[in-house]
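Following: one structure in structure tokens, then a few remarks.
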Amino acid sequence: MHQTALKTEARQLLVLAGPLIIGQASNVGMSFVDTVMAGRLSALDLAGVAIGSVMWNTLMLFLVGTLLTVPSFISNYDGAGRRAEMAPFVRQAGWVAMLVVALMVLLVMQARPILNGVGVEAAVIPTAGGYLDGIVWGAPALGAYLVLRLMSDGLGRPGPTMYIGVLGMLLNIPADYVLMYGKLGLPALGAHGCGLATAIVWWFQLAVIVVYLNRAKAYRFLALFSRWEAPRPARIREILAVGIPIGSAIFVESSLFMVATLLMGSLGAIAVAGHQIALNFAALLFMVPLGIALAITVRVGNAAGRGERDEVRFRGKVGFGMTLLTQLASAGVLLAFPWQIAGLYTGDAAVIEIAVSLLFLAAILQLPDGIQIAAASALRGIKDTRLPLLMMVLAYWVVGVPVSYWLGIHLGRQGEGIWV
């Protein structure tokens with residue numbers, strides 16, 4: 001009976017996680033395309049996109065983390081048979097998204113002084129700033145799209161995440177090509193065009209998911225767009241009480257990678273270009289455990305909504321086991337093919353050499369990083385978010401940031417010291 005239950009849960013988890021993995025991978029695939037195309041322009045453009053994207057991604061992950069409360073609430077409502085509460089919740093989550101987006105825009109406006117203040121190489125700052133000036137135009141669309149996509153995930157319907165994600169990635173390729181290289185009579189905008197291309201894709205994805213949710217029979221019971229709702233402070237506070245610790249925990253983690261990139265930026269364009277290659281490919285591989293983790297949240301949250309404590313525990317354990325298997329495979333890829341991976345991005349021998357040394361360290365990261373995201377996501381399913389935040393603050397800011405600076409800059413170990 002136990003083996004049958006294990007196989008059944010593993011199969012259901014994979015059915016849900018598969019489209020989520022593809023959808024998440026397509027989102028990072030956009031960043032992959034950006035990085036490859038910037039690398040074909042110059043090491044300076046690659047460095048600028050690296051600095052700009054890591055700053056943006058840190059802010060974006062706070063938005064994503066705050067909104068990860070959406071699938072946990074929706075799956076709880078679904079498990080408890082409280083479907084009438086879903087649409088009002090989603091509308092208020094939309095207001096939460098716009099509040100976070102406004103904060104992101106204000107912070108992007110301060111990017112250039114921040115980059116100057118932390119000692120990033122002067123030649124890289126205009127390129128990084130141009131990238132941010134372009135991508136910020138897509139922030140409102142991204143916020144609204146995430147709310148709708150995560151709602152569908154919470155219902156156990158990951159199709160929109162997969163199909164619209166892949167569609168966006170495919171659109172990003174010609175958009176990057178036209179805007180970065182100056183085709184169809186348009187000027188060559190370089191890194192600024194890269195940011196604009198991503199913003200255009202996000203508005204396209206929002207339009208597609210709105211049309212889909214409005215027409216698909218599976219979502220008609222929601223009547224999601226039947227009326228407009230003003231912000232309800234009490235409801236927004238309830239969402240933020242769960243969402244802010246999640247967003248803050250993910251921000252704390254991603255900010256370590258932002259600090260690492262800024263420290264690399266002080267070492268020059270070649271160093272930060274190699275860093276970006278290793279970080280970008282590691283992020284692409286991370287979409288596998290992240291997709292499984294999002295599925296764990298839904299599976300655990302659904303069982304929690306029905307009050308089935310033993311099933312909550314069982315589903316969490318199955319998710320951990322699946323994550324361990326995928327992370328062993330990811331580590332193997334990084335260890336076996338580092339030169340080939342780096343060569344996908346650039347032909348610059350100096351950049352490739354740095355990237356290869358960092359890909360080895362990325363392989364070591366795979367197991368602990370996968371398990372921590374699986375554990376955090378299982379806890380989100382039961383709305384336990386505050387203690388994990390304290391753990392991440394200790395791990396990433398109290399230990400990670402100071403040690404990264406001490407090894408990389410103070411002891412002069414440069415990129416490898418920062419990654420260690």
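I'd like the carbon and sulfur percentage of the solvent accessible area for region 356-409, probe radius 1.4 Å, heavy atoms only, ligands and nucleic acids excluded. Carbon plus sulfur share of accessible area: 81 percent. In this label model, PHE320 and ARG237 are separated by 3.7 nm, measuring between points 7 Å along each Cα→Cβ vector. Put the Cα centre of region 392-420 next to the Cα centre of region 44-81 and the gap is 24 Å.
For the ranges 286-298, 33-45, 317-329, what's the packing order if you count other beta-carbon atoms within 10 Å of each residue, average per peptide, and put the highest first?
Working: 286-298: 25.8, 33-45: 21.6, 317-329: 17.6.
Final packing ranking: 286-298, 33-45, 317-329.
Could you work out what % of the accessible surface of region 179-240 is carbon and sulfur, using a 1.4 angstrom probe and leaving DNA, RNA and ligands out of the count?
Working: 2300 of 3580 Å².
About 64 percent, which is the carbon plus sulfur part of the accessible surface.
Local charge for GLY195 was computed over the other residues whose Cβ lies under 15 Å away, with Lys and Arg +1 and Asp and Glu -1, and equals -3.
Within straight-line reach of LYS383, meaning a Cα separation under 26 Å, sit the following lysines at least 8 residues removed in sequence or on another chain: LYS317. Across the chain, the mean sequence separation of Cα contacts (distance under 8 Å, 6 or more residues apart), normalised by length, yields a relative contact order of 26 percent. Once all protein chains are placed together, PHE73 keeps about 10 Å² accessible to a 1.4 angstrom probe. With a cut-off of 11 Å, note down the residues of region 128-162 whose backbone N falls inside the zone around a label point 7 Å from the Cα of VAL210 toward its beta carbon. Residues 141, 144-145 fall inside that zone.
Relative to the longest principal Cα axis of the chain, at what angle does helix 159-181 sit, 0 to 90 degrees, rounded to 10? It is inclined by approximately 20 degrees.
Give the shape of region 167-315 as rounded, prolate or oblate, defined through the alpha-carbon gyration tensor: a ≥ b ≥ c are the square roots of its eigenvalues, a/c under 1.5 means rounded, and otherwise the shape is prolate if a/b is larger than b/c and oblate if not.
Working: a/c = 2.12, a/b = 1.36, b/c = 1.56.
Here region 167-315 falls in the oblate category.
In terms of the mean number of neighbouring beta-carbon atoms within 10 Å, the peptides 343-353, 377-387, 52-62 order highest first as 52-62, 377-387, 343-353. All other residues whose Cβ lies under 14 angstrom from that of LEU324 are scored, Lys and Arg at +1 and Asp and Glu at -1, for a net of 0.
As a length-normalised measure over Cα pairs under 8 Å and 6 or more apart, the relative contact order of region 53-163 settles at 45 percent.
Just from its helices, what would the mean residue ellipticity at 222 nm be for the chain, if runs of 4 or more DSSP H residues each count -39500 (n - 2.57) and the sum is divided by every residue, rounded to the nearest 500 deg cm²/dmol?
-28000 deg cm²/dmol
Estimated at the nearest 10 Å², the accessible area of TYR219 is 10 Å² with a 1.4 Å probe.
Calculated accessible area for the chain comes out at 42 Å² per residue, all protein chains present (probe 1.4 Å; ligands, DNA, RNA ignored).
Ordering of 121-133, 179-191, 149-161 by packing is 149-161, 121-133, 179-191, highest average first (other Cβ atoms within 10 Å, averaged per residue).
The values are calculated or read from the model by the stated rules, or taken from the named source; none is laboratory data. Treat the numbers as computed from the prediction; the structure is a model and nothing was measured. Cβ sites come from the backbone with ideal geometry, for glycine too, and all protein chains shown count toward neighbours. Heads up: the accessible areas ignore ligands, DNA and RNA and are worked out on the full protein's heavy atoms, side chains in. Shrake-Rupley method; radii C 1.70, N 1.55, O 1.52, S 1.80 Å.
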